[in-house]
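The values are calculated or read from the model by the stated rules, or taken from the named source; none is laboratory data. Note that this is a predicted model, so its numbers are computed, not measured. Don't worry about glycine lacking a Cβ; one is built from the backbone with ideal geometry, like all the others, and counts go over all protein chains shown. When the accessible area is computed, the model is the full protein with side chains, heavy atoms only, and any ligands, DNA or RNA have been set aside. Shrake-Rupley method; radii C 1.70, N 1.55, O 1.52, S 1.80 Å.
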Amino acid sequence: MSSLVNKHILLGVTGGIAAYKSAELIRLLQKSGAEVRVIMTPAAQEFITPLTLQALSGHPVHTNLLDPEAEAAMGHIELARWADLILIAPASANFLARLCHGEGSDLLSTVCLASHCQIALAPAMNQAMWAQASTQENIDKLKSRGNKIFGPGQGYQACGDTGAGRMEEVDALVEQVAGLFSSNLLSGKKVVITAGPTREALDPVRYISNHSSGKMGYALAIAAMEAGAETVLISGPVNLAPPEKISVVPTVSALDMLAASLEAVKGADIFIAAAAVADYRPEHSAGQKIKKTDDDISIALTKNPDIVASIAALENRPFTVGFAAETNNLESYARKKLVGKNLDLVIANDVSNQAIGFNSDDNQVTLISSEQAETLPIMNKASLATHLISYIAARVTGV
Ligand code: C5P
């Protein structure tokens, strides 16, 4: 079965008899590893209850754009950012028309307007409605804008007709959804990524570290793997499960991470330094636990090596990417890092903004290279990782 691990699927259910199949669809998406949240249109709720889909998805079902309580819990903009993919199944003829015309007349159409992520639709309707010129024109327009259309299938319909218009079978839908997340952009390439914090030991039980969650580096590693790359993830200590099909090298200190990186970059095409490496380590790590006394103590710190700069200095260096977390003068500081560390690309983010960066699920970055600076929209870290990997793949492969 295809993997949807780490993926946020926003399932939109619109009004049609096939709405009952969304219960099974949620289960299969979850079985593939996805987290699923559900939006139902008013008509969908005539066919299946929000309570059923809430129980299956494990989250309250979103139904109303103008409900202040629901907006306060997870509003339409938050839902739009949360999603890596909006899957509308079943998609009624009416919803196709509304999406096509850019309406924001209910929660689902508004979230579609507000999201930067891919939208996939599984149309389901009577065969005559599907065959209508208006429906077909809407489908053509939606496709030309990059939306994916799955199905519909042929066969017996609930209304007694036979023909095209049945919703795609749910297991086939899940396969096609998983296929949207994989590409060959980096097939044959090796990508090495550092992630998470480092820990610099003071003694056997204490260390200096930081709050990096590792989420961005892990998301990048998954995106690189999905783009077909052989992926090595050099991870500091984090609370994240090792992703499937990725070779994870666990490390603790900056010195460990440097040694692992130098080993892993042999034959690598791309190195991405997403780790929050401690700049300093204690000059001496005590062999025994440091005992408390009545006196103050001081700890001498020594500078850690710069891992990304060390990789960029190698003779046969990979395309080397660093991050710059700044609170002010984002572009000029990031540009200094680009030049100072001899990088090919710096991914800069403003950490003074609480909604993005360390430990948050969303991020907004500016891509800085010698030729240009481009700010991407705010999005969740998994979607951002996919965008970043596509951008880097284009720079490396020239396509
Ligand atoms: O210099 P600064 O720490 O702001 O640079 C951040 C970038 O450099 C990140 O990509 C980080 O992973 C990398 N870095 C590193 N080794 C260090 C310090 C930072 O690879 N010792």
³J(HN,Hα) computed for each position of region 40-53 - Karplus, 6.51 cos²θ - 1.76 cosθ + 1.60, integer Hz, glycine/proline x = 10, 7, x, 5, 4, 5, 7, 9, 8, 7, x, 4, 4, 6
Going out from 0 in 10 Å bins, what whole percent of all Cα-Cα distances in region 8-180 drops into each bin?
-> 11, 43, 37, 9, 0
Could the peptides 221-230, 91-100, 54-63, 339-348 be put in order, highest first, of the mean number of other beta-carbon atoms found within 10 Å of their residues?
-> 221-230, 91-100, 339-348, 54-63
Alpha-carbon Rg/Rh ratio, for the chain, with Rh computed the Kirkwood way = 1.05
Three-way shape label, region 34-75, alpha-carbon gyration tensor, a/c 1.5 | oblate
To the nearest 10 degrees, the tilt of helix 381-397 (Cα long axis) against the first principal axis of the alpha carbons of the chain is 70 degrees
Taking θ as phi - 60°, what are the ³J(HN,Hα) couplings along region 219-231 by the Karplus curve (6.51, -1.76, 1.60), each to the nearest whole Hz, with x for Gly and Pro?
-> 4, 5, 5, 5, 5, 5, 4, 5, 7, x, 7, 6, 10
Given H placed 1.01 Å from N in the peptide plane, which residues other than close sequence neighbours of Y280 have an amide H under 5 Å from its amide H?
-> N304
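If you take the Cα Rg of region 199-292 and divide it by 2.2 N^0.38 Å, with N the number of residues, what do you get? Before the final figure, lay out each step's value.
Working: Rg = 15.0 Å, N = 94, 2.2 N^0.38 = 12.4 Å.
After normalising by residue count via 2.2 N^0.38 Å, the value is 1.21.
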Karplus 3J(HN,Hα) series, Hz, for region 165-174 with 6.51 cos²θ - 1.76 cosθ + 1.60 (x for Gly, Pro) = x, 5, 5, 3, 4, 5, 5, 5, 4, 5
Counting only residues 5 or more places away or on other chains, whose amide H sits under 5 Å from the amide H of I149 once H atoms are built in the peptide plane?
-> L121
Loop-only check: which trypsin sites (Lys or Arg not before Pro) in region 244-339 are DSSP coil with at most 15 other Cβ within 10 angstrom?
-> K245, K266, K289, K291, K292
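How would region 190-397 be classified by its alpha-carbon gyration tensor: rounded, prolate or oblate, with rounded meaning a/c under 1.5 and the a/b versus b/c comparison settling the rest?
Values: a/c = 1.71, a/b = 1.53, b/c = 1.12.
In terms of gyration-tensor shape, prolate.
With a probe of 1.4 Å, find how much accessible area the chain has per residue, and write the answer as a whole number in Å². Spell out each step's value before the answer.
On the way: 18550 Å² over 399 residues.
Using a 1.4 Å probe on heavy atoms only, each residue of the chain averages 47 Å².
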Estimated distance in nm for a label pair at S332 and Y156, the labels positioned 7 Å out from Cα along Cα-to-Cβ | 7.4 nm
Those GluC sites (Glu not before Pro) from region 256-343 that are DSSP loop and have at most 16 other Cβ neighbours within 10 Å turn out to be E283, E315
